[in-house]
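These notes are about the structure you will find just below.
The values are calculated or read from the model by the stated rules, or taken from the named source; none is laboratory data. Nothing here was measured: the structure is a model prediction, and the numbers come from that model. Reconstructed Cβ throughout: ideal geometry from the backbone, glycine too, with neighbour counts over all protein chains shown. Surface areas here come from the heavy atoms of the whole protein model, side chains and all, with no ligands, DNA or RNA. Shrake-Rupley method; radii C 1.70, N 1.55, O 1.52, S 1.80 Å.
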Amino acid sequence: MNARSGLRLGARALRASTPRAPVARPFSTTIPQYDQGKHTHFGYETIPEAEKQGRVAGVFTNVAESYDKMNDLMSLGVHRLWKDYFVSTLNPGATTPLGQPQKILDVAGGTGDIAFRMLHNAHVLNGNPNIELTISDINPAMLEVGRQRSLALPAEQQSCISFLEANAETLPSSIQDNSLDLYTVAFGIRNFTNMRAALKEAHRVLKPGGIFACLEFSKVDRFPLFNAVYKQWSFSAIPLIGQLVAGDRDSYQYLVESIERFPTQVEFRDMIVEAGFDVAGEGYENLTGGIAAIHRGIKPLR
């Protein structure tokens, strides 16, 4: 796994007059209607579907300020390399439709970790500022962290981003059918109440030929010894460190359990196909033996 060098974003002082990136809150008029009799998982706990959104919101409100620290603990810091590589494979800004900006939606991207890398890739590596990037998250606390961090971006990059508080399972009407070139979601989709609904929404809003790209913790089942060591670390050390470092054992316990409950690489690939996407080859790429995986789908041109 070779991440491109130079993808770290350098902070840059901004003049006081630089406008802040807007935060839009136009929730879809179609609010998810969860079946009160249907259950889903919250980590290892089985709960009514209607409760999951609120429970997950509580977790990410608690960890918003320490989100990077959380990912460092859960991946031993390797998540930064995974994210660099993920963005480099998508190479935003490399191609732009004639006379049109490349339109990107980064879902569950509140802190801006992926979005800011994509802006850097487009503006700096490809010399192409013709990009419109929306950072969407259901959690306002996560979006606020991202908005504050965005103030350290160069002004020309700030002008390309907007923030949207929305549910990925029912995106607002402001995101029209067949309107996006790229849809990304990193380390977020496993927390959705209805992943299939979110995948269908991704398919709806992407243009024919548009790309769905997901980076998520996954399974290391191909390497039993490595898998045993990784699970021992995850379930024993991470919640304890969460308690010691962030004073929040329960949130970290949920996050570890949510990884374990996430579908296998093949199962999730099949869900992407069921949503209407085409996939190439296996449809996924394992990182670090499968601790994480990149999944891609292409909306057919037909």
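Of note:
Quick grid of which residues meet (1) over 19 Å from LEU182 (Cα atoms); (2) of a type in the set (A, V, I, L, M); (3) modelled with pLDDT of 95 or more:
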{"position": "PRO129", "(1), (2), (3)": "no, no, no"}
{"position": "LEU133", "(1), (2), (3)": "no, yes, yes"}
{"position": "SER136", "(1), (2), (3)": "no, no, yes"}
{"position": "GLU144", "(1), (2), (3)": "yes, no, no"}
{"position": "ALA155", "(1), (2), (3)": "yes, yes, yes"}
{"position": "CYS160", "(1), (2), (3)": "no, no, yes"}
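- When residues of the stretch 56-85 are limited to those that are modelled with pLDDT of 80 or more and among the hydrophobic types (A, V, I, L, M, F, W, C), the one most open to solvent (accessible area, probe 1.4 Å): LEU81
- Of all residues in the stretch 139-156, those satisfying the criterion of being open to solvent by 10 Å² or more (accessible area, probe 1.4 Å), assigned to a helix (DSSP H, G or I) and not hydrophobic (A, V, I, L, M, F, W, C) are PRO140, GLU144, ARG147, GLN148, ARG149, GLU156.
- Matching residues, the stretch 233-259, being within 19 Å of HIS79 (Cα to Cα), open to solvent by 60 Å² or more (accessible area, probe 1.4 Å) and not aromatic (Phe, Trp, Tyr): VAL245
- Pick from the stretch 284-294, criterion within 19 Å of the chain's Cα centre (by Cα) and over 15 Å from ILE189 (Cβ atoms), ranking: surrounded by the most Cβ atoms within 10 Å (Cβ to Cβ): ILE291
- Restricting the stretch 170-181 to residues that are open to solvent by 10 Å² or more (accessible area, probe 1.4 Å) and among the aliphatic types (A, V, I, L, M), the residue that is nearest to ALA293 (Cα to Cα): LEU180
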